[in-house]
Each structure stands twice: as structure tokens, then as C-alpha cells.
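Beneath this line is the structure, given in C-alpha cells, with notes to follow.
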Amino acid sequence: MTDGWVMVIGLEVHCELKTTTKLFCGCPNMFGNEPNTNVCPVCLGLPGSLPVLNQKAVEMAMAIGTALNCEIRPSTFHRKNYFYPDQAKDYQISQYDEPINVDGWLELPDGFRVGIERAHMEEDTGKTTHAGVTGRIHGADYSLVDYNRSGVPLVEIVSCPDLRTSAQARAYVTELRSVLVATGASDGKMEEGSMRVDANVSVRRSADDPFGTRCEIKNLNSVRSVGRAIDYEAGRQIALIESGEQIMQQTRHWDEDASRTVMLRSKEDAYDYRYFLEPDLVPLVPDSDWKEAVADALGMMPAQRRARLADLLRDAGNVTDARTEQVATVVDLGLDDLVVEAIAGGIPTALALARTANEAAADPEAARQLDPGSFVTLLSMEAAGTLSSTQAKTVLAELLAAGGGDPSAIAREKGFEAMSDNLLSVTVAHAIEGNPDEWARYCAGEDKLAQVFIGQVMKSTRGQANGKAVVAELQRLRG
Amino acid sequence: MVDTPRLTREDVAHVAGLARLHLSDEELDLFTGQLAVVLDHAADVALLDLADVPPTAHAMAVINVLRPDIPGQTVDREEVLAAAPSVEDHRFRVPRILGEAP
């Protein structure tokens, strides 16, 4: 950020709900199908068709509201009218002045709380493809429309203008994504468009000044572009003000390839959406029993899950920055249950965390399917020294590929039998003979030279030796 | 009859513009008169004391009409596209769009 300026950022996040069917009709809610195959009279806006609200979508919206500490309120649906062919009806059904969720907050991992103004339900639009030279609207001769996505349930989460840096905005999107996945409402796949972000950005000289004129940036489809677009936009606004110009309220488009925002429309072109109550839908009024049932069904949120692991680390006296980072990784990937089960199974905390955050996390999809029992058995073999860490990692890779199995059987198959103490002593003695200078320095107290001998022993045993056992033998010989 | 602001010709032109309707001068005069009569009729409601009545779009007090999340019948794509004025690549082909999506 340029010196002497502060940013104000508010984010609007559209989240597709992973229901089986669309919001107002029974068409499949499915990404990537053949164009215009998941359509019916309702989502095509044919005359005489009537929308009926999907109960599961409502429950997912309530789950999101609960997870974001919102008040869940009686709500209504409106028609938002506009002329654009991505809705065949010429209007989008959305919640307007009475959204289902209001006044919540999301706490970021560093403890900063971002206010949530509202999280309302609406239907997604169809997908338009612009034919012509550029693939963009400008210069397109015509457009092609696929209505498979039209009517897919969305929840739009609107933050308060509480964010002050692009890093904070990225942290917010990352944490919100984890929360949405944890509620079971979203698959969190930003690359497939299941989460789309718009950012409102303004700048001012000091935190005591009133808010500056803001611009809204659309088309932010990754956490990375959220950060880059905000930084670019703030820089653009600062340069304008410093050259004596005024910021015009605009909607701008983030062009990822060109790394800049371009104007879509100014406030003067703002649409009059002629909102009015959707006459084909009745009010949605969740009672307290329903709200409680949704809250009870909600699993632990990422913040609680991080705290759970942090407590276990603290109990084991094992807190370091690196481990705190590992905790964030395993929670983000939904692998924290593996760690908790392993610790409960008697595995040292640091080992359980390291194998999960480093090796299991390499294939999170497989790791989520992994039988915790096999994982715990494997780690106890490593902890007991029956397997070296190199061997344990190899067996873990096999377990992940197969979705489980018997670690001892796999170890036998690979020829990972523990070395006998006798063979180990012989091999260590041999390594010492070959490196007399290093041995002398090791005996004089240069402990780090143990690595030289471990390396030698590993080489001559092709990785079968246990590093800890080698060190123990070295220490025994040093006396 | 209560004293409500009378609908103007400009109001009608604005609303017509939002609906992308192009009205001639004669049509504007005609519809301004007709719409004013309709609004006057609805204005009778303003005579009632409705301070305690919440706004609604429905005559019946029905809430929470929901359906289970179970797939229903989709329409065959060929049938859907056969009804479209123009089709390309199994998609609806529409004229060049002015301006971006809202």
C-alpha cells in the first residue's frame, strides 16, 4: 500500500449451494453437463410455470447463517428485473429488503472479526458465451446461452466494509471458503465458479476520514486474484486522487491476463431493477425448532477445529509457528480428524501432525477417505521404530493409493523389516571406520555430524535403518 | 378519494423506458389517463387505517411452501431448442448484448 493512504474493502461472495436440484425446480444442479440438458419450464421461464422453493437449499442457507453468527429472520423473495439473456424470465428471483440472514460476523485466524451485513438466497444465472473475435462482449457479434446453471441456488454473503488490506481480504475469502465447506453447503471449488467474489474498494488519507468513493470489482475467481485486483484498484484510485482527479463510482471488471481493472459501467448507468415481491412465492419463516435442528446438525467450524488441535499441541508442549501452520493446513484440507484420532491412539502429537500436514496432505482427496485405523497403526510402527520415517512415508503413500489396508503387510511386501540390532551395530561401525575425522569431531561434541553417519548407514541399508536407532548406537559408542 | 400525487406523463415515459417500450406521444397521453384511473382505484385503500398491517403480496396468510430436494422431470433438449428462434452448438443464440451482466 502506498504511504499515506488506507484502503477500505467490503466483499460480496456468491456461493453455489451443493443441493441435488435447483432452487425453484427439480432440475439437476450439476456442473459440466451438456448444454441445456438440465432445464425445464420453470428455469426456462416458460409461461404458466411456477417456482417452488427447495427445502434443502433453505436449510443450507440457514446453516451458513448459523456458522456466520447471523440472526435468521423471516424473509421474502423479490423479482429483480433486467434485460439480459442469462435469465430466460428477464428477472432473477432474489431476496431484497428481507434477507434470511443478517448481522453476523466471521473471525479470521488472527482473531480479527469481519462483520457480515447479510447472507441472502438467490438463483444463479445461465452461462453466456460471446461469439466473435475477442470472446468478450465488446466486439461480439452474438451470444450463446446455456441455461443449465440458471436457477442453481446461491447464497450471497455481504461483508461490512471492515477489511483494510488485500492480505486481510484474502484471509477473509480463505476462511469463509473453509466455513462454507464445513457447513456442507459448498464444495468450495473457486476454479469451477462455485464461489465468486466481488470487491468494493475505496481509499482515504487516514482512518479518521470518511469513506472515499468506492468502485466495485467483479470477476474475482481465486484468492490470488482477490488480492491482486484490490491492490491494483487501490493504486489506480490513489494515482487519480494524487493527480487532482476525483474517483467516479463505477463497476469494474478484473482482467486477470492484463492484471488490471477496466470500467464496465458508471453509476449513471446504474440499473433500475424495478424490484417487487415475487407473487408466486410466499414468505419463508423458519421457526425456532427448525433453526435449532439446523444448528444441531452443524459440525465443528474451522476456528473450533484449529483450537482443538492447538489445545492438543499445547498439552504436549509442542507449540511452534511451523506447527501452527501445519494445524491451519490440515484444518483447511479437512484432515484434522486424522490427527485427532492418531493422538487419541497414542501417537506423539508432532508426528501425527507432521505426517498429516506433509505426506497425507499431498493427496487430500485420498486422505479424507483413508481409514483412520490403518493410519494410526502405521504411525505407531514409526513411533516404535519398527519402520524408519522414510519407510513409513512409503507405506503411507501405498495406504492413500489403496484407501486403507494393513500397514504391516505392506511393510513386509516392501521388504521393510526392522533391522536387527546386531546388523545395525555392524553397519554403524563400518560407517565410523570410513569417516575417522568426522567420528573424532562427533566425539568432541559436534552432534550435527551424526547426519553424516545416518546418511552412510541409510545408503548402505538402502533406507531400511531407523535414523533414531542409528543416533542411539552412535551415542552408545561415543560413551 | 384521497389526495395522492397525480401520475404524470413523465412517470409513464420513465416506466415505459425501463420496460424497453417505445411509446408515441398519442400512446403516452392515452396510457397516462388509463393508468391514472387504475391508480386512483387502488388509492381507495389509502383511506383505511393500515398502520398495523404488514405489506404482503398475498391475500392468504401462507408461509413456508417448500419441496423436497428430489430431481424432477427435465425437458428434452431437442424439444427445448426447437422452440428457440435461433440455435447454435446446442445453445440459444441471442443478439449481441449491449453492456455486461448486472
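The values are calculated or read from the model by the stated rules, or taken from the named source; none is laboratory data. Everything numeric in this text was worked out from a predicted model, so none of it was measured. Neighbour counts run over all protein chains shown; Cβ positions are idealised from the backbone, glycine included.
Residue check: is A:VAL330 surrounded by 16 or more Cβ atoms within 10 Å (Cβ to Cβ), within 23 Å of the chain's Cα centre (by Cα) and either outside any helix (DSSP H, G or I) or at pLDDT 95 or above (or both)?
no
Taking B:LEU28 and the conditions (1) surrounded by 10 or more Cβ atoms within 10 Å (Cβ to Cβ); (2) within 25 Å of A:LYS80 (Cα to Cα), which numbered condition does it fall short on, given that it satisfies the others?
Of the numbered conditions (1) surrounded by 10 or more Cβ atoms within 10 Å (Cβ to Cβ); (2) within 25 Å of A:LYS80 (Cα to Cα), the odd one out for B:LEU28 is (2).
Would you mention how many residues in the range A:250-277 are at the interface with chain B (Cβ under 7 Å from one of its Cβ atoms) and touching a residue at least 60 places away in the same chain (Cβ under 8 Å)?
Result for the range A:250-277: 3.
Which number in (1) touching a helix residue (DSSP H, G or I) at 6+ places or on another chain (Cβ under 9 Å); (2) at pLDDT below 90; (3) in a helix (DSSP H, G or I) marks the one condition that A:VAL376 misses?
(2)
Pick out, from the range A:215-304, the strands (runs of 3 or more DSSP E) lying fully within it that include 3 or more residues that are more than 30 Å from A:LYS89 (Cβ to Cβ) and aliphatic (A, V, I, L, M).
none
Assess whether A:GLY26 counts as being among the small types (Gly, Ala, Ser), at the interface with chain B (Cβ under 8 Å from one of its Cβ atoms) and in contact with a Gly (Cβ under 8 Å, 6 or more places away or on another chain).
Considered against the rule, which asks whether it is among the small types (Gly, Ala, Ser), at the interface with chain B (Cβ under 8 Å from one of its Cβ atoms) and in contact with a Gly (Cβ under 8 Å, 6 or more places away or on another chain), A:GLY26 comes out as yes.
Only one of these is part of a strand (DSSP E or B) and either buried (at least 16 other Cβ atoms within 10 Å of the Cβ) or under 22 Å from the mean Cα position of the chain (by Cα) (or both): A:GLU122, A:GLU59. Name it.
The unique qualifying residue is A:GLU122.
Does A:ASP97 satisfy the condition of being in the same structural domain as A:VAL282 (by TED's automatic domain parsing), assigned to a loop (DSSP other than H, G, I, E, B) and more than 30 Å from B:ARG91 (Cα to Cα)?
Spelling it out, A:ASP97 is indeed in the same structural domain as A:VAL282 (by TED's automatic domain parsing), assigned to a loop (DSSP other than H, G, I, E, B) and more than 30 Å from B:ARG91 (Cα to Cα).
For the range A:382-412, which positions are in a loop (DSSP other than H, G, I, E, B) and not β-branched (Val, Ile, Thr)?
Matches in the range A:382-412: A:ALA384, A:GLY385, A:LEU387, A:SER388, A:GLY403, A:GLY404, A:GLY405, A:ASP406.
From A:PRO51, A:PRO109, which residue is within 30 Å of the chain's Cα centre (by Cα), more than 9 Å from chain B (Cβ to nearest Cβ) and surrounded by 16 or more Cβ atoms within 10 Å (Cβ to Cβ)?
Of A:PRO51, A:PRO109, the one residue that is within 30 Å of the chain's Cα centre (by Cα), more than 9 Å from chain B (Cβ to nearest Cβ) and surrounded by 16 or more Cβ atoms within 10 Å (Cβ to Cβ) is A:PRO109.
Spot the failing condition for A:CYS43; the list is (1) more than 10 Å from chain B (Cβ to nearest Cβ); (2) in a loop (DSSP other than H, G, I, E, B); (3) of a type outside the set (D, E, K, R); (4) within 25 Å of A:ILE100 (Cα to Cα), and only one is missed.
(1)
Taking the stated definitions as given, is B:ASP29 at pLDDT 90 or above and away from every other protein chain (no Cβ under 14 Å)?
So B:ASP29 fits the description; yes.
Among the candidates A:ALA258, A:ALA303, A:ALA307, A:ALA295, which residue alone is touching a strand residue (DSSP E or B) at 6+ places or on another chain (Cβ under 8 Å) and of a type in the set (Gly, Ala, Ser)?
Every option except A:ALA303 fails the conditions.
Could you go through the range B:35-58 and let me know if any residue there is free of Cβ contacts under 8 Å to residues at least 12 places away in the same chain, assigned to a loop (DSSP other than H, G, I, E, B), under 30 Å from A:ASN219 (Cα atoms) and facing chain A (nearest Cβ under 9 Å).
No, there is no match, as no residue in the range B:35-58 is free of Cβ contacts under 8 Å to residues at least 12 places away in the same chain, assigned to a loop (DSSP other than H, G, I, E, B), under 30 Å from A:ASN219 (Cα atoms) and facing chain A (nearest Cβ under 9 Å).
Please determine whether any residue of the range A:59-70 is within 10 Å of chain B (Cβ to nearest Cβ) and more than 29 Å from B:ALA83 (Cα to Cα).
Yes: the range A:59-70 contains one or more residues that are within 10 Å of chain B (Cβ to nearest Cβ) and more than 29 Å from B:ALA83 (Cα to Cα).
State the number of residues belonging to the range A:216-242 that are under 14 Å from A:MET7 (Cβ atoms), more than 14 Å from every other protein chain (Cβ to nearest Cβ) and β-branched (Val, Ile, Thr).
Residues in the range A:216-242 being under 14 Å from A:MET7 (Cβ atoms), more than 14 Å from every other protein chain (Cβ to nearest Cβ) and β-branched (Val, Ile, Thr): 4 in total.
Looking only at the range B:59-90, which residues are at the interface with chain A (Cβ under 7 Å from one of its Cβ atoms) and among the charged types (D, E, K, R)?
B:ARG67, B:ASP69, B:ARG77, B:GLU88, B:ASP89
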